[in-house]
1. Cβ-Cβ distance below 8 Å, separation of 6 or more or different chains: which pairs start in the range 42-59 with a residue that is over 19 Å from S158 (Cα atoms) and end on one that is not in a helix (DSSP H, G or I)?
2. Checking the conditions here, which among F95, F162 is outside any loop (DSSP other than H, G, I, E, B), outside the structural domain of N260 (by the TED database) and under 15 Å from the mean Cα position of the chain (by Cα)?
3. May I ask you to list the residues in the range 111-146 that are over 22 Å from G247 (Cβ atoms), of a type in the set (F, W, Y) and open to solvent by less than 20 Å² (accessible area, probe 1.4 Å)?
4. Is the range 222-229 home to any residue that is within 19 Å of S282 (Cβ to Cβ), modelled with pLDDT under 95 and open to solvent by 30 Å² or more (accessible area, probe 1.4 Å)?
5. Kindly establish whether R199 is at pLDDT 50 or above and not in a loop (DSSP other than H, G, I, E, B).
6. Give me the pairs, please: first residue somewhere in the range 171-182 and over 12 Å from E274 (Cβ atoms) and open to solvent by 40 Å² or more (accessible area, probe 1.4 Å), second residue anywhere and assigned to a loop (DSSP other than H, G, I, E, B) and at pLDDT below 90, beta-carbon distance under 6 Å, and either six or more positions apart or on two chains.
Amino acid sequence: MANNVGDFDILPEGCIAKVLSFTEPRDACRLSLVSPIFRLAAESDSVWDTFLPPDCQPLISRSSSSNSVSYGSKKELYLSLCEKPLLIDGGAKSFSLDKWTGKKCYMLSARDLRITWSSSPSYWRWISLPESRFGEVAELLHVCWLEIRGKIHTNMLSAGTFYAAYLVFKKTEGTFGFDSQPVEAAFGLVGEGGDSCNRTLYLDAGDHRRLRHHYGLYRRGGRNIFRFLPVERECHENKNQDSKERGDGWLEVELGDFFNSGAEDGELEVFVLEVKGGNWKSGLIVQGIEIRPKGRDPK
């Protein structure tokens, strides 16, 4: 093994950097431990520039604090975007990178979502929380019609990436109306010919047993295919369709997933809907909807 490393060490630093640029950030960091010349190559701007998305600078320019984004190297810029989501579009969205792959991540703020009745102070109110990355969050006071929708264009996402959308929220002490009533959720292309996946989930999962009806509706080319399976189980055992706590103290629940091949040129819509039960609901605080590579931890 030592001889192999020595053979690589005779290569020019630029040649090693070129090879590392075809790997992923995680691999470059690991290979930097091989030898001093590998470390120099792995720190070079030519390597980390390939890990940054091509539209990185235009996205940074969409931030009101773009002038304060300072970095001494492309690696520092990369790590900064991984650790500190950047507010863009007047604070309506946040942009960040997945640390291990460099794929783009976004969160649509509550203000950037279409929340039915959110302009009526009888049903929703807008408040500020220090733990939120946005200036305002939406607190649900009292509604029987819950409808939250958001949109993002496919060209904003990284190509060749399997994405998932997550509702990011908190519950107040007086939360009610969600423990026994499922909500509908979906994430997919807008339009009759688009692909989408619908599911049911619970925003406030209790520990009691109940009959839960899980179904999937896949639409392709205008044709609907249903899968329906009633399952009785403990609510907290379904990790994919029940809410869970994030590292930042908020809760999240997966609303759906979508593979962005890069070939589609369209708009993606994500929604949370409960309008069939007719029961009154209260106590959710909505920060936004996060769209990030599926299976990756939240920022």
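1. Short answer, once both residue conditions are applied: A42/S32; E43/S32; E43/S73; D45/S73; S46/S21.
2. When all the criteria are applied, what remains is F95.
3. W124, the sole residue that qualifies.
4. no
5. Spelling it out, R199 is indeed at pLDDT 50 or above and not in a loop (DSSP other than H, G, I, E, B).
6. D179/D204; D179/G206
So that you can scan it fast, the table gives a plain yes or no per residue for (1) loosely packed, with under 13 Cβ neighbours inside 10 Å; (2) modelled with pLDDT of 85 or more:
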| position | (1), (2) |
| --- | --- |
| C29 | no, yes |
| S32 | no, no |
| P54 | yes, yes |
| P58 | yes, yes |
| K74 | no, yes |
| K103 | no, yes |
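The values are calculated or read from the model by the stated rules, or taken from the named source; none is laboratory data. Keep in mind that this is a model prediction, so the values were computed, not measured. Neighbour counts run over all protein chains shown; Cβ positions are idealised from the backbone, glycine included. Each accessible area value is taken on the protein alone, full model and side chains, heavy atoms only, with ligands, DNA and RNA left out. Shrake-Rupley method; radii C 1.70, N 1.55, O 1.52, S 1.80 Å.
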